[in-house]
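The values are calculated or read from the model by the stated rules, or taken from the named source; none is laboratory data. Computed from a prediction, not measured in an experiment: that's the story for all the values here. Quick reminder, even Gly has a Cβ in these numbers, built from the backbone with ideal geometry, and neighbours come from all protein chains shown. Side chains are part of the model used for accessible areas, which takes the heavy atoms of the whole protein and leaves out ligands, DNA and RNA. Shrake-Rupley method; radii C 1.70, N 1.55, O 1.52, S 1.80 Å.
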Amino acid sequence: MWGGRFASGPDAIMEEINASIDVDRHLYRQDIAASKAHTAMLAKQGIITADDAVQIAHGLDTILSEIEGGRFEFRRALEDIHMNVESRLAELIGPAAGRLHTARSRNDQVATDFKLWVRDTIDAVDAALAGYQRALAERAKDHAGTVMPGFTHLQTAQPVTFGHHLLAYVEMAARDRGRFADARRRLNESPLGAGALAGTSFPLDRTMTARELGFDRPAANSLDAVSDRDFVLETLAAAAITAMHLSRFAEEIVIWTSPVVGLLSLSDKFTTGSSIMPQKRNPDAAELVRAKTGRVAGALQALLMVMKGLPLAYQKDMQEDKDSAMDAFAALMLSIAAMTGMVRDMQPDTARMKKAAGEGFATATDLADWLVRVLKLPFREAHHIAGRIVAQAAERGVALHRLPLAAMQMVEPGISEDVFSVLSVDRSVKSRTSYGGTAPRNVGATARKWLRRLDREGR
Ligand code: ARG
């Protein structure tokens, strides 16, 4: 392609390190779409003839079907997707193929292709996350009143509902989707027509190609257009945060399905056995989701390091933007699918959850709140009294609601029979009706709100 300046071919190692076709072949659809938009624009602007444009477009269509039909031979010697396509075009249509690259460089071409690819990925991730949210909200609706222990420091803290816990992940996924949507909005400016770095002397219509490819507008600065990889970084950052969220839930699945804890079980669909221990049921899918987070975060870090020392404009370093990013997005999509599957599959042990919710004196805060509300004590004092009553219960080895009234009255004489109305775990969750609280009524309403919202989005 640059034979004019070169007399001999590259060293084998040069080809090995330089070729990107194994990775950027995945951009073939975007590459061909951008070339078609460029061709149509060149013809409309009178830069190439209508005749040549028709030939080029036909040739590109043929190449698309060859690639999709597995009939295309990708060649390493041709370095990348751009030159593989162009070289095949020359075989198919002859000299007219040489006009396609007028007023274009691989620098604006690859930026355009990868933006389109990342944009498609964002849309796919968004749809997958919406499906994950739906699965969570459906289970939350069914378990709006299922009481379980809520944890802080992984110690039993206060009773919550299983539905409330699931809805926490719906909120996280909503913020994740928001981050992807933000990245998409900023991404959506077309680099095509920036040329190698300086723009071009040809009378391009960059707005036309931008519109044709679904961009909002052309990127305003040609140097920036070819050297910007923020769109990958931002999307990887959104992906890393999403993967971190999935990993936290995966970790809970691993803990909760341990026989020692036993709050949750997974079916044969999402577990594996052991080759030596016949009793084992391992939550491998959850563990792998947890692990894949490393890849996603690693890809973000890798590209930040690739970019941090680069002067303007395009540098070949930037070719390293695709491999780990593509791997990271694939890992993320698989993780979302696995989590969605596990959410549908998981069976809470509701009896065990309820029993565990009542252990560890989880309604001690309810007792303190009762002392504030009924005896008008300051909360700090109430906290102290409740603590002493907990100590009494612990000493006798009984749950708070099994402690005789007389024992409580020894600590605080003002306590009446009415206190028992707040000490059960059911009463505890039912009372937490503050906005965003765990009361089953709140949880049911919020789950239904999410399902309606997803319906409206057509998800
Ligand atoms: N394969 C290259 C990449 O992915 C395409 C751009 C090459 N540009 C250049 N000036 N060598 O970045």
Just one listed residue, out of R29, R5, is among the basic types (K, R) and either touching a strand residue (DSSP E or B) at 6+ places or on another chain (Cβ under 9 Å) or over 22 Å from P218 (Cα atoms) (or both), and it is R5
Here the residues within the range 30-57 that are of a type outside the set (D, E, K, R) and exposed (fewer than 12 other Cβ atoms within 10 Å of the Cβ) are G46, A50
Q) Quick one: would you say M333 is part of a helix (DSSP H, G or I) and within 16 Å of the ligand (Cβ to nearest atom)? A) no
Test G214 against the stated conditions and say whether it is open to solvent by 10 Å² or more (accessible area, probe 1.4 Å) and over 30 Å from Y435 (Cα atoms). yes
I32: passes all of (1) more than 16 Å from the ligand (Cβ to nearest atom); (2) touching a residue at least 40 places away in the same chain (Cβ under 8 Å) but (1)
Do we have any residue at all in the range 243-251 that's more than 30 Å from N18 (Cβ to Cβ), open to solvent by less than 50 Å² (accessible area, probe 1.4 Å), more than 16 Å from the ligand (Cβ to nearest atom) and among the charged types (D, E, K, R)?
no
Here is a check on your reading of the model: is D284 open to solvent by 30 Å² or more (accessible area, probe 1.4 Å) and away from the ligand (no atom under 16 Å from the Cβ)? yes
Counting only residues that are within 16 Å of R104 (Cβ to Cβ) and either in a loop (DSSP other than H, G, I, E, B) or of a type in the set (G, A, S) (or both), the range 40-58 contains a total of 7
Taking the range 306-330 and keeping only residues that are more than 16 Å from the ligand (Cβ to nearest atom) and surrounded by fewer than 21 Cβ atoms within 10 Å (Cβ to Cβ), one is left with K308, G309, A330
Given the structure, is R248 within 20 Å of the chain's Cα centre (by Cα) and within 27 Å of K354 (Cβ to Cβ)? yes
Requiring at least 1 residues that are over 29 Å from A174 (Cβ atoms), the helices (runs of 4 or more DSSP H) wholly within the range 352-459 are 364-375, 379-396, 405-411, 425-431
Residue pairs within 8 Å by beta carbon, gap of at least six or interchain, first lying in the range 1-23 and in contact (Cβ under 8 Å) with a residue 40 or more places away in the chain and outside any loop (DSSP other than H, G, I, E, B), second small (G, A, S) and open to solvent by less than 100 Å² (accessible area, probe 1.4 Å), listed first then second, are E15/A77
Over the range 91-100, the set of residues within 17 Å of Y28 (Cβ to Cβ) and open to solvent by 10 Å² or more (accessible area, probe 1.4 Å) is E91, L92
Those residues of the range 229-242 which are open to solvent by 20 Å² or more (accessible area, probe 1.4 Å) and over 15 Å from D327 (Cα atoms) amount to D230, E234, I241
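Could you say whether any residue in the range 200-211 is among the aromatic types (F, W, Y), modelled with pLDDT of 95 or more and crowded, with 18+ Cβ neighbours inside 10 Å?
No.
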On the given criteria, is S65 out of contact with any helix residue (DSSP H, G or I) (no Cβ under 6 Å at 6 or more places or on another chain), within 12 Å of the ligand (Cβ to nearest atom) and at pLDDT 95 or above? no
Margin query: Residue under question is L166, and the condition is that it be over 24 Å from F231 (Cβ atoms), in a helix (DSSP H, G or I) and open to solvent by less than 10 Å² (accessible area, probe 1.4 Å); does it hold?
Written below: yes
Looking for something of a type in the set (F, W, Y), more than 30 Å from T438 (Cβ to Cβ) and surrounded by 17 or more Cβ atoms within 10 Å (Cβ to Cβ) - is there at least one such residue anywhere in the range 106-122?
yes
When the range 275-333 is checked residue by residue, the ones that are within 27 Å of T257 (Cα to Cα) and more than 18 Å from the chain's Cα centre (by Cα) are S275, I276, M277, P278, Q279, K280, R281, N282, P283, D284
Taking first residues from the range 93-120 that are over 14 Å from D321 (Cβ atoms) and second residues anywhere that are among the polar types (S, T, N, Q) and more than 16 Å from the ligand (Cβ to nearest atom), the pairs with Cβ under 6 Å that are 6 or more apart or on different chains are I93/Q55; A96/Q55
Taking the range 67-89 and the residues there that are part of a loop (DSSP other than H, G, I, E, B) and open to solvent by 20 Å² or more (accessible area, probe 1.4 Å), the one that is farthest from I17 (Cα to Cα) would be G69
Residue count, the range 12-29, condition under 18 Å from V118 (Cα atoms) and either crowded, with 18+ Cβ neighbours inside 10 Å or within 12 Å of the ligand (Cβ to nearest atom) (or both), comes to 9
